[in-house]
1. Test residue 17 against the criterion of being β-branched (Val, Ile, Thr), surrounded by 10 or more Cβ atoms within 10 Å (Cβ to Cβ) and over 25 Å from the mean Cα position of the chain (by Cα), and give yes or no.
2. Any idea which of 23, 63 is hydroxyl-bearing (Ser, Thr, Tyr) and within 30 Å of residue 83 (Cβ to Cβ)?
3. Being surrounded by 10 or more Cβ atoms within 10 Å (Cβ to Cβ) and either over 35 Å from the mean Cα position of the chain (by Cα) or in a loop (DSSP other than H, G, I, E, B) (or both) is the filter here; which residues of the stretch 61-90 pass it?
4. Return yes or no: is residue 22 exposed (fewer than 10 other Cβ atoms within 10 Å of the Cβ) and among the small types (Gly, Ala, Ser)?
Amino acid sequence: MLRKAFWLFGIAVFLLIIFLPGYTKLQDLRDKNKDLEFKIKQLHIENALLEQEAQRIENDPVYQERIAREKMGAVKKGEIPVKLIPEQKR
């Protein structure tokens with residue numbers, strides 16, 4: 001009886017040694033998959049926002065003008081551009 005229990009224990013340990021690394025690898029891959037799915041959802045949201053921004057730039061002349069003024073420093077005829085330079089700390 002003791003011998004049979006020893007063999008069953010030995011077989012259980014052997015199976016554990018064989019299958020445990022594969023199981024832990026599987027769990028790691030599942031965690032990585034969840035992280036990647038979350039990242040994909042975030043990128044879909046960011047992509048949708050960027051598409052809305054692109055549509056707005058293409059179709060809204062007021063927005064186009066605002067971007068041209070803010071990003072490129074464009075001015076209309078007759079306007080005097082003023083650039084403020086912050087004071088340097090000594």
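Each reported figure results from applying straightforward, stated rules to the coordinates on display, with no laboratory input. None of these values were measured; they are calculated from a predicted model. Every residue, glycine among them, receives a Cβ derived from its backbone with ideal geometry; neighbour counts consider all protein chains shown.
1. no
2. Testing whether each residue is hydroxyl-bearing (Ser, Thr, Tyr) and within 30 Å of residue 83 (Cβ to Cβ) leaves just 63.
3. If the condition is that a residue be surrounded by 10 or more Cβ atoms within 10 Å (Cβ to Cβ) and either over 35 Å from the mean Cα position of the chain (by Cα) or in a loop (DSSP other than H, G, I, E, B) (or both), then 74, 75 are the ones that fit.
4. yes
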